Structures are given as structure tokens and as C-alpha cells.
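Enquirer: Please read through the structure below; I'll follow up with questions.
The values are calculated or read from the model by the stated rules, or taken from the named source; none is laboratory data. Note that the coordinates shown come from a computational prediction; the quantities given were computed from them, not determined experimentally. When we count neighbours, we look across all protein chains shown, and the Cβ atoms used for this are built from the backbone with ideal geometry, even at glycine. Accessible surface areas use protein heavy atoms only, side chains included; no ligands, DNA or RNA. Shrake-Rupley method; radii C 1.70, N 1.55, O 1.52, S 1.80 Å.
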Amino acid sequence: MTDDVLVVHGGTPLSGQIRVRGAKNLVSKAMVAALLGDEPSRLFDVPRIRDVEVVRGLLELHGVKVTDGAEDGELVFDPANVESASTDEINVHAGSSRIPILFCGPLLHRLGHAFIPDLGGCHIGPRPIDFHIQALRQFGAVVDKAPEGMHLTAPTGLHGTKFELPYPSVGATEQVLLTAVLAEGVTELRNAAVEPEIIDLICVLQKMGAIIKVHTDRVIEIQGVPRLGGYTHRPIPDRIEAASWAAAALATGGRVEVLGAEQADMMTFLNVFRSVGGAYEVTDTRPPRQGSPGQEGGIRFWHPGGELRAVALETDVHPGFMTDWQQPLVVALTQARGLSIVHETVYEQRLGYTEALNKMGATIQVYRDCLGGTPCRFGRRNFKHSAVIAGPSKLHAADLVIPDLRAGFSHLIAALAAEGTSRVYGVDLINRGYEDFEAKLAALGAHVERP
Ligand code: EPU
């Protein structure tokens, strides 16, 4: 057991207001994009989370000057002196995040070679990078896998290509975008992911001078350009964090207003939240006028009283129900009357955390079958990727060890909803994706302490 533990006295509804900043899964990619320009870029609303630190460290190693801007959360990137970094220096970041894989295209364009350390990220399945490597090879990159990481060169430059993804992978779509924008000629990507974070990355690249068309049916066409400038960008808010706090409000019988949350990016979540019996209200931003200071909008989520209802849901690529919304919501589903069904179709091993919930009194059974409308890639491959949650169950305190980021937050919610005092080990993992989560918990009246 580690010292990294939070003592949670559960049973108090969360109540109050918190704010989410730029989406982790956009901010980190926009930071990589800054490497492609020959002018400075400016990014607002950057959360203080571990993934941002890792990308900042890698950018700085490659000669990008990163400075804090005037506004809280503003970062300025100056890529005027991009340079090679040594394998040893880069390897300091080995195992810390999955974002380094996205440095391939930008470094090949800027330096003609790249070294990518071993990736980290959450242990939610094998998480292969075969699509990334296939795409990079089609652009003309030579990829050598070595024990210490991956070496890439582009002896004849990078050239536009036609590529069809076997599955609409978020990371592989970003890899193609970040490589194609400066590649010579046209790239056509089929079966692309079209998550709001990807559309926002396209906005960033377009601001830098890229030409990118998003067609219907998951086709993205990129016309390579010879140079890119900088960007000034305020990212979309973190819809995963917003949904996590919404689920915490519901599971603890509380009321949480998430400032900055954006309705349009969360429609699928909001529909499920309402079907379960949760209530929400969208509050619009009011610009300041003479005599009135204005007000930041967001979404207020609460448990309206009475019983929650069981639901059946399947995680899917956008516009489906996000896989990252699943774990926090399942905690609330333990409080719903009846049998809820969750079919996880994005990752093959993202239900392991339910064991901890069972230890706390939940009744969750996981299955290898596809318990959803459509069979998915995992049904025939013997993965426990469907769950049936029988509720309502009274949760009681337990000692928990956090396995990964989103499951970790769900453990935390379960401990907050449970009667008694839980010890949650490994909470620092939550800092990878949730800015100031301990301060936010305190602001919402949670009784938590570091021993
Ligand atoms: N896949 C492959 N081969 C590849 C790439 C992906 O088989 O080369 C598979 C994966 O194994 C998985 C599926 O495709 O089964 C989808 O993976 P994807 O590439 O879309 O995920 P990712 O880019 O690695 C991002 C987010 C995840 C989020 C997923 C899905 C970041 C840094 N991570 O991961 O977020 O769950 O998209 O929306 O953007 C998190 O924030 O906690 C998190 C895990």
C-alpha cells in the first residue's frame, strides 16, 4: 500500500459549484500541434493536470519555449528553435502518458526524425498502436521499434495518402491529422473518429493555416500545406470531467453546478442522466453589460428525490455514449431500481473496477457476451465487457486501490456515496485528468482528508 491515500467519510450529498477547464483530451493534442507552426501559439484554459506537464516537458526538451501567459491557465508556445533531444532525456517521460505517440508526425516534419518513449496511460486493455504505425508508414515514415522506444525517420519526406481506419480510433485520427497537415499532397482518411475534441483540434490546425474538410460518413480530407503559423485558442470544456461530477451528484443524492460544461458536447450523457431519473438545468452564459457583471454558464445536475431507474446503455464512439462516462455513472446505477445493463464496446477490459463496487455492497455481474443491441469487436474474443447492475444497493465503506483514471474517480464517488469511512489508495492517479479534484471535493462539502 502507498502513502498516497485519501480518507473519505461518506454519506454526505455533494452540493455546490465547481468549474471545468479545457478538455484534457484536446488540450494535450493542441499543445503537440504548436510544434507544427513556425510562429508562437497561445492556448487558454489549460488545466493543471499530469498529462499537460508531460507534454510540456516533451515540448521543452525539443526546444519549444513554453511560458505562462497573463491569464490563469494560459500557455504560450514558441517553436522558433525546435531541436533534437536525446533518447535518455525523452525516456524520462516513458510510461507516463499516451500523448507522446502524437509527436511522430510533427517531429518528422520539423526534424526529419523522432524518438517516442514507451507509452503510459490507463490499463484498460492492450491499447495497441498498430493503426498509428500503419498510417505513419503509408505517409512514408520508417518506423523501427527498439526495446527503449520507437525510432522514426522520413528519408523521402512525408506524402499524402489514402487510409481507412479499421475502427474510428481517436488517437489514430489525430495522428493522421497532425501528420497530413504538412505532408505533400492530399490525404483522405476514412472511418475517422469525429469526437468534439477532434473537431476542436481541426479548428486549431485550421487557425494555423491547414486545409481540412470533414465530409459526411467519417471521411476527412486534408490538403497538405508547405507551412503553418501559430494559433490562439480557447478549448472546448472537459465533458468527461463534467459528467464525472454529474454522476457524483446523482450517486450522493446531491446537487452540483458544473460551470463551463457545454450542453452540445454532452447531449448523449444528458439523455441517459435524465432516463436514470437525474435532473439537470442548462444555464447560459450572460456577457457583462453596463451595471451587471455577467455570469458564466454551465449545467446544474441534481438528484430530484425518489428512486432512480435502471437503464440499458452501450458505450460507443461519438455521437454515442462515451466510454469515459461509463465508470462514474455505474456508481449511480447501483442506486437505481431494477437491472441496468452496460455494454462496453470501445475497450475490452474496462469493467474490472466493478469488483471494488461489489466489495462495497453493489451487485454487479460481468459477462463475456455482448449484452447490447449490436455485437461488438469483443464478443467473440472472450472479454468480460458487459455488466448487469442490480439495484438499489446500500454501499458501505471499504479500502480501495485505484486502478486507472476514470475507474479511480468512480471509486471516489462510491466512497462518497457509501456509509462510513473508506480509504482510497493511489488517488494521485486522479490528478492525471482531474484538476484540483481535492479542492473541488472540499468546495462541494465532501468530508475527505489526507491522513
Ligand atoms: N485501437 C487499436 N489500434 C490502434 C489504436 C486504437 O486497436 O492503433 C483500439 C483501442 O485499443 C481501443 C479503440 O481502438 O479499443 C479506441 O481507442 P482510441 O484510439 O480511440 O483511444 P485513444 O486515442 O488511445 C482517447 C482518449 C481516451 C478515450 C478514448 C476513446 C486521449 C488521451 N485518450 O484514447 O481517454 O477513452 O480516446 O474516446 O485522448 C481518458 O481520458 O481517461 C481516456 C482513456
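Enquirer: Could you tell me whether the range 379-387 includes any residue that is out of contact with any Phe, Trp or Tyr (no Cβ under 7 Å at 6 or more places or on another chain), closer than 19 Å to Val311 by Cα and within 16 Å of the ligand (Cβ to nearest atom)?
Expert: no
Enquirer: If you scan the range 6-24, which residues turn out to be assigned to a loop (DSSP other than H, G, I, E, B) and under 25 Å from the mean Cα position of the chain (by Cα)?
Expert: Those that are assigned to a loop (DSSP other than H, G, I, E, B) and under 25 Å from the mean Cα position of the chain (by Cα): Leu14, Val20, Arg21, Ala23.
Enquirer: Also, I was wondering about something else. Can you pull out the residues in the range 285-320 that are surrounded by 17 or more Cβ atoms within 10 Å (Cβ to Cβ) and in a strand (DSSP E or B)?
Expert: Gly298, Ile299, Arg300, Phe301, Trp302, Leu308, Leu313, Glu314, Thr315
Enquirer: Take the range 167-184 and flag every residue that is in contact with a helix residue (DSSP H, G or I) (Cβ under 7 Å, 6 or more places away or on another chain) and either within 20 Å of Tyr347 (Cα to Cα) or open to solvent by 10 Å² or more (accessible area, probe 1.4 Å) (or both).
Expert: Once the filter is applied, which keeps residues that are in contact with a helix residue (DSSP H, G or I) (Cβ under 7 Å, 6 or more places away or on another chain) and either within 20 Å of Tyr347 (Cα to Cα) or open to solvent by 10 Å² or more (accessible area, probe 1.4 Å) (or both), the range 167-184 yields Ser169, Val170, Gly171, Ala172, Thr173, Glu174, Gln175, Leu182.
Enquirer: Among the residues of the range 379-388, is any closer than 24 Å to Gly277 by Cα and open to solvent by 10 Å² or more (accessible area, probe 1.4 Å)?
Expert: yes
Enquirer: Here's another thing I want to ask about it. What about Phe103, is it buried (at least 16 other Cβ atoms within 10 Å of the Cβ), among the aromatic types (Phe, Trp, Tyr) and closer than 19 Å to Pro147 by Cα?
Expert: Judged against the criteria, Phe103 is a match.
Enquirer: Next question. Determine whether the range 111-128 contains at least one residue that is at pLDDT 95 or above and open to solvent by 40 Å² or more (accessible area, probe 1.4 Å).
Expert: Yes; the residues of the range 111-128 include at least one that is at pLDDT 95 or above and open to solvent by 40 Å² or more (accessible area, probe 1.4 Å).
Enquirer: When you go through (1) over 30 Å from Ala439 (Cβ atoms); (2) free of Cβ contacts under 8 Å to residues at least 12 places away in the same chain one by one for Glu60, which number turns out not to apply?
Expert: (1)
Enquirer: Name every residue in the range 398-434 that is open to solvent by less than 10 Å² (accessible area, probe 1.4 Å), within 16 Å of the ligand (Cβ to nearest atom) and not small (Gly, Ala, Ser), in order of residue number.
Expert: Hits for the range 398-434 are Leu405, Arg406, Phe409, His411, Leu412, Ile413, Val427, Ile430, Tyr434.
Enquirer: Ok, one more. Can you tell me how many residues in the range 435-451 are in a loop (DSSP other than H, G, I, E, B) and either in contact with a Gly (Cβ under 8 Å, 6 or more places away or on another chain) or buried (at least 18 other Cβ atoms within 10 Å of the Cβ) (or both)?
Expert: Looking only at that region, the number is 4.
Enquirer: Right, here's the next one. For the structure I just gave you, tell me whether Val366 is open to solvent by less than 60 Å² (accessible area, probe 1.4 Å), under 24 Å from Glu419 (Cα atoms) and either at pLDDT below 95 or more than 16 Å from the ligand (Cβ to nearest atom) (or both).
Expert: no
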